[in-house]
Amino acid sequence: MAIVVVFLAVLLVLMYIGWRRRQRRQSGIARPDAVPESLGVGFGSFDCLYVATTVAGEPLNRIAVRGLGFRSRGALAVTATGIVLSLRGQDDAFIPTAALREVTRATWTIDRVVEDGGLVLIAWTLGSGDTAAPVDSYFRLEAGSELLDAISNIFPVSTGRKA
């Protein structure tokens, strides 16, 4: 019994060390933009499960900094100037329309596999200049089609599916 407890304790310590190293490696990644005063016309607000943000094109490489590291309940609000991301326990983040790279459906990302097209993938550029990092954010929501319709008011939505 003692061996199992020691093994589990060592495993937890190694997991903690790995997470802290990931955070140090990603410390240069910019903080998401704050929500601007004027958002323009609203196209809808949608409750969601924020699944993860990963390095662009690497759905198993989670971003672990700036409030983007943990799965959370939240909401997405689509406005004329961009998308407001509200996650429980975090400051609201803003994804400007100019930062969007792609919006489509996905089926899997780190620690989440769902039915075909069950995730909404928002590919965007976090930060600008030297700290710009292309990232992919994944969301699970019942109103996925309505969210994509709302986003299509500000950015072309791809009908293809990512893995």
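Okay, here's what the table says:
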{"read-out": "T159 vs. criteria modelled with pLDDT under 90 and surrounded by fewer than 16 Cβ atoms within 10 Å (Cβ to Cβ)", "value": "yes"}
{"read-out": "Yes/no for A34 being touching a Leu at 6+ places or on another chain (Cβ under 8 Å), surrounded by fewer than 17 Cβ atoms within 10 Å (Cβ to Cβ) and among the hydrophobic types (A, V, I, L, M, F, W, C)", "value": "no"}
{"read-out": "Selection from the stretch 92-123 of residues that are of a type in the set (D, E), modelled with pLDDT of 90 or more and farther than 14 Å from V157 by Cβ", "value": "D92"}
{"read-out": "Enumeration of residues in the stretch 144-157 that are touching a helix residue (DSSP H, G or I) at 6+ places or on another chain (Cβ under 9 Å) and of a type outside the set (F, W, Y)", "value": "I154, V157"}
{"read-out": "Selection from the stretch 115-149 of residues that are without any contact (Cβ under 8 Å) to a residue 40 or more places away in the chain, in a strand (DSSP E or B) and over 11 Å from the mean Cα position of the chain (by Cα)", "value": "T125"}
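Residues checked against (1) of a type outside the set (A, V, I, L, M, F, W, C); (2) assigned to a strand (DSSP E or B); (3) surrounded by fewer than 22 Cβ atoms within 10 Å (Cβ to Cβ):
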{"site": "A52", "(1), (2), (3)": "no, yes, no"}
{"site": "F70", "(1), (2), (3)": "no, no, yes"}
{"site": "R73", "(1), (2), (3)": "yes, yes, yes"}
{"site": "A77", "(1), (2), (3)": "no, yes, yes"}
{"site": "I83", "(1), (2), (3)": "no, yes, no"}
{"site": "D91", "(1), (2), (3)": "yes, no, yes"}
{"site": "R101", "(1), (2), (3)": "yes, yes, yes"}
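The values are calculated or read from the model by the stated rules, or taken from the named source; none is laboratory data. For clarity, every value in this text was computed on a predicted model and none was experimentally measured. Quick reminder, even Gly has a Cβ in these numbers, built from the backbone with ideal geometry, and neighbours come from all protein chains shown.
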